[in-house]
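**Student:** Structure below; questions to follow.
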Amino acid sequence: MVTWRVLTESVRGASHHRNGLPNQDAVASAQHPLVVAVADGHGSARCTRSDLGAKFAVEAAIEIVQQVFNAPNLSLPQLRTLSEGIPKAIHRCWQRKVDAYINDYLRIEDCLRTEAATGNRYLLFGTTLLVACVLENCVLYWQIGDGDIVVIQADGTPAMPIPHDERLLGNDTTSLCGKHPWQDFREAFLPIIEPPKAIFLVSDGYKNSFKHAEGFYQALGDIHGFIETDGANFVKAELADWLNEASQSGSGDDISLAVIYAK
């Protein structure tokens, strides 16, 4: 049986340092079952609380997926059926977290004005979300918005389990703050035949730092290679510097990366 480990890092983008903005990404993971989530708050002038929206998104994803998939001996058809309800459950949990924050800490008038102007009180907290859950016999993926889930397969080649969304053009993205966001989730259910070497979840600031997609996939392969040759502790010590360098020379955006790797 494969033993899975997780390594995560999140860095504040170079442009956010210059403009005094916070890191609007979030990353989280948990075991039993293994769940990893990465969120990228929109950071636009209309989404002024998106750093919190991203934080609430990864928290909601971890809570819901662990609740749903904590039963042992579920069959593949049962797992597939359960996975279909995850997007709506995550969205509802995320909304509850946003509502609790609004009621406890934020002037509700600000949200009411936003709701009156846009019809959407959750716009301030807009964020994307990437989620992976590794079970004994399958891997489950969910994604709303931009960012990348990349699997390093057993033969070392990269694969993208989530289909591309043609609506994601430039800075336009689907979001948890959308009207019916559970309908915008893309999902994948992949039985494990030959375990992958690694699974990466990465906010779009990393890929956008490369001129060509090939460079991005090569960088992920290199990170996994260093885990295998130099160890996870070495990579953890260096990863923030690598991501900061990519942001400074590339997108200027926040970058968050999580890697699930076989040990």
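The values are calculated or read from the model by the stated rules, or taken from the named source; none is laboratory data. Keep in mind it's a predicted model, so treat the numbers as computed, not measured. Neighbour counts run over all protein chains shown; Cβ positions are idealised from the backbone, glycine included. Side chains are part of the model used for accessible areas, which takes the heavy atoms of the whole protein and leaves out ligands, DNA and RNA. Shrake-Rupley method; radii C 1.70, N 1.55, O 1.52, S 1.80 Å.
**Student:** Would it be correct to say that residue 61 is assigned to a strand (DSSP E or B), within 26 Å of residue 136 (Cβ to Cβ) and open to solvent by less than 10 Å² (accessible area, probe 1.4 Å)?
**Tutor:** No.
**Student:** Only one residue in 45, 14, 26, 54 is on the phi < 0 side of the Ramachandran plot, open to solvent by less than 10 Å² (accessible area, probe 1.4 Å) and of a type in the set (A, V, I, L, M, F, W, C), so which one is that?
**Tutor:** Checking each option against the conditions leaves just 54.
**Student:** Now for a separate question. Within segment 64-86, which residues are among the hydrophobic types (A, V, I, L, M, F, W, C) and either in a loop (DSSP other than H, G, I, E, B) or open to solvent by 90 Å² or more (accessible area, probe 1.4 Å) (or both)?
**Tutor:** 69, 71, 74 - these are the residues of segment 64-86 that are among the hydrophobic types (A, V, I, L, M, F, W, C) and either in a loop (DSSP other than H, G, I, E, B) or open to solvent by 90 Å² or more (accessible area, probe 1.4 Å) (or both).
**Student:** What number of residues within segment 153-196 are under 28 Å from residue 75 (Cβ atoms) and either at pLDDT 90 or above or of a type in the set (Phe, Trp, Tyr) (or both)?
**Tutor:** Count: 20.
**Student:** Would you list the helices (runs of 4 or more DSSP H) that sit entirely within segment 169-263 and hold 3 or more residues that are in contact with a helix residue (DSSP H, G or I) (Cβ under 8 Å, 6 or more places away or on another chain) and open to solvent by 60 Å² or more (accessible area, probe 1.4 Å)?
**Tutor:** Once the helices (runs of 4 or more DSSP H) in segment 169-263 are filtered for at least 3 residues that are in contact with a helix residue (DSSP H, G or I) (Cβ under 8 Å, 6 or more places away or on another chain) and open to solvent by 60 Å² or more (accessible area, probe 1.4 Å), what remains is 232-249.
**Student:** While we're looking at this one, here's another question. Residue by residue through segment 87-101, note down the ones that are charged (D, E, K, R) and crowded, with 17+ Cβ neighbours inside 10 Å.
**Tutor:** Within segment 87-101, just 97 meets the criteria.
**Student:** Return the pairs, sorted by first residue and then second, in which the second residue is aromatic (Phe, Trp, Tyr) and not in a strand (DSSP E or B), the first residue lies in segment 138-160 and is open to solvent by 10 Å² or more (accessible area, probe 1.4 Å), the beta carbons are less than 8 Å apart, and the residues are 6+ apart or on different chains.
**Tutor:** Close Cβ pairs (under 8 Å, with a partner that is aromatic (Phe, Trp, Tyr) and not in a strand (DSSP E or B)) amount to 148/206; 148/216; 158/217.
**Student:** Taking residue 29, is it hydroxyl-bearing (Ser, Thr, Tyr), modelled with pLDDT of 95 or more and under 15 Å from residue 141 (Cα atoms)?
**Tutor:** yes
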